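Below is one structure, written out as structure tokens; the observations come after it.
The values are calculated or read from the model by the stated rules, or taken from the named source; none is laboratory data. These figures come from a predicted structure and were not determined experimentally. Note that each Cβ is placed from the backbone with ideal geometry, even for glycine, and that neighbours are counted across all protein chains shown.
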Amino acid sequence: MAGGVADYAAISARVRAKYAELLTPQDIVRLSEAPDFLSLFTLLKSTAYGPYLEGLKDKDINPRRVIIQIKRKLADAYNSVIQMAPVQTRPLLKQLYRYYEISNLKAILRAIVTVSTWNTETALWDRVRDVLFPMGSTSVLPAQAMVESGSVATAVDLLHGTPYEDALSFAMKRYSSEQNLFPIEVALDLAYWRRLWSEAQKLTGQDREHSVRIIGSLLDMNNLMWAIRYRVYHKLSEEEIINYTLPFGYRVKDADIRAIAAGADAASVVNRIFPGLPDVSALLENPQTGLPRLEVLLNQRIMKECLAAFVGSPFHIGLPLAFLIMHDFEIQDLIVLIEAKSSGLPEDEYRPFLLKTELLTEH
């Protein structure tokens, strides 16, 4: 039976083993107590990230290089899970993984726009390459050729035949008239989430139940934050906010997004959807600091949804999905720590943005 015990026996055991390698909330606290970046690096070498850091030469032990190396562990996890997953679930996992490719694509296009600040295209490529997520041969982006093309239009033409062609061809019309990457980035984001949601909906049984819940929670968070940011930061019109968000979700519905777009009290909308979130009204009174904190709270809710997938029957795609998302959250925490320690930020400034430490309060 597709999606049954036989399909999931091996991958469930493998995922549980990999999940056991992830850092605990106590580990994150211990790492956060490192007095500086080099001390943090030394502590990280004693974790499962050690093999990814051992090869760094002294001159490469800097925040940017360390972040790229720890991301390689996440890339390896994705490749391993996708390879072992039941065939019917691979389109969903591959689409989830494309999140990092879209981030790379955005970084490439932004670099092309700012090419005038660099001496040569070669120097620009060297700089861009060091910030791209390390997808290796799984990426469909001709990244170096795109950067060296020196033109957004030419770079986009190089994506003919890729999953991004349709979204980009539509968005390029606005880019050509406005010379602003915003419509391109929005088009990529919306197309990504539509496809991801569609792949989750195609599954059946427990696969569908768990994937819709987990992917839907991610989608909800993004859609809600888009709507609020578009209104608060970008001052977009009601029509624009509706056009730049998604009309579906798991808990966040089209009516909720339309309410925010129309000027309803965003805190009331958020509290109605997620009644357990603390101090939403206070957070939204000062959006500059409050919105990032709200995003952290929503991500912590997703993290708990992921943990729930490890309870009960393991024979469904929810377990691998939850592991990959938890791994991503861990990378986010480590990036916060790496950047905080390298810049000497006091603990009270970065601690609220750590995701995993919230789990300590659950016991």
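What to note about this one:
- Picking from residues in region 44-54 that are touching a residue at least 12 places away in the same chain (Cβ under 8 Å) and part of a loop (DSSP other than H, G, I, E, B), the one that is nearest to Glu21 (Cα to Cα) is Ala48.
- Inter-residue pairs, beta-carbon under 7 Å, first within 21 Å of Arg90 (Cβ to Cβ) and in region 300-329, second among the charged types (D, E, K, R) and buried (at least 21 other Cβ atoms within 10 Å of the Cβ), 6+ apart: His316/Asp207; Ile317/Asp207
- Some residue of region 111-132 being in contact (Cβ under 8 Å) with a residue 60 or more places away in the chain, small (Gly, Ala, Ser) and not assigned by TED's automatic domain parsing to the domain that holds Glu209: no
- Which numbered condition Ser177 fails, given (1) in contact with a helix residue (DSSP H, G or I) (Cβ under 9 Å, 6 or more places away or on another chain); (2) within 25 Å of Asn243 (Cα to Cα): (1)
- Inter-residue pairs, beta-carbon under 6 Å, first more than 14 Å from Leu168 (Cβ to Cβ) and free of Cβ contacts under 8 Å to residues at least 24 places away in the same chain and in region 141-152, second of a type in the set (A, V, I, L, M, F, W, C) and part of a helix (DSSP H, G or I), 6+ apart: Gln144/Trp125
- Filter result for Ile338 (of a type in the set (A, V, I, L, M), in the same structural domain as His210 (by TED's automatic domain parsing) and buried (at least 18 other Cβ atoms within 10 Å of the Cβ)): no
- Number of the condition not met by Arg251 [criteria: (1) over 18 Å from Gln300 (Cα atoms); (2) basic (Lys, Arg); (3) not in a helix (DSSP H, G or I)]: (1)
- Counted as qualifying within region 258-363 are the helices (runs of 4 or more DSSP H) with 1 or more residues that are among the polar types (S, T, N, Q), namely 266-273, 280-285, 287-308, 318-343.
- Selection of region 160-192 for residues being under 17 Å from Gln95 (Cβ atoms) and either more than 26 Å from the chain's Cα centre (by Cα) or touching a residue at least 24 places away in the same chain (Cβ under 8 Å) (or both) yields Pro163, Tyr164, Asp166, Ala167, Leu188, Asp189, Leu190, Ala191, Tyr192.
- Residue within region 172-184 that is farther than 27 Å from Met225 by Cβ and either surrounded by 15 or more Cβ atoms within 10 Å (Cβ to Cβ) or not assigned by TED's automatic domain parsing to the domain that holds Arg64 (or both) present: yes
- Residue list for region 215-248, restricted to those being aliphatic (A, V, I, L, M) and assigned to a helix (DSSP H, G or I): Ile215, Leu218, Leu219, Met221, Leu224, Met225, Ala227, Ile228, Val232, Ile241, Ile242
- Listed by position, the helices (runs of 4 or more DSSP H) inside region 73-157 whose residues that are at pLDDT 95 or above, surrounded by fewer than 17 Cβ atoms within 10 Å (Cβ to Cβ) and not acidic (Asp, Glu) number at least 1 are 90-113, 143-149, 152-157.
- Total residues in region 196-206, condition at pLDDT 95 or above, crowded, with 16+ Cβ neighbours inside 10 Å and assigned to a helix (DSSP H, G or I): 4
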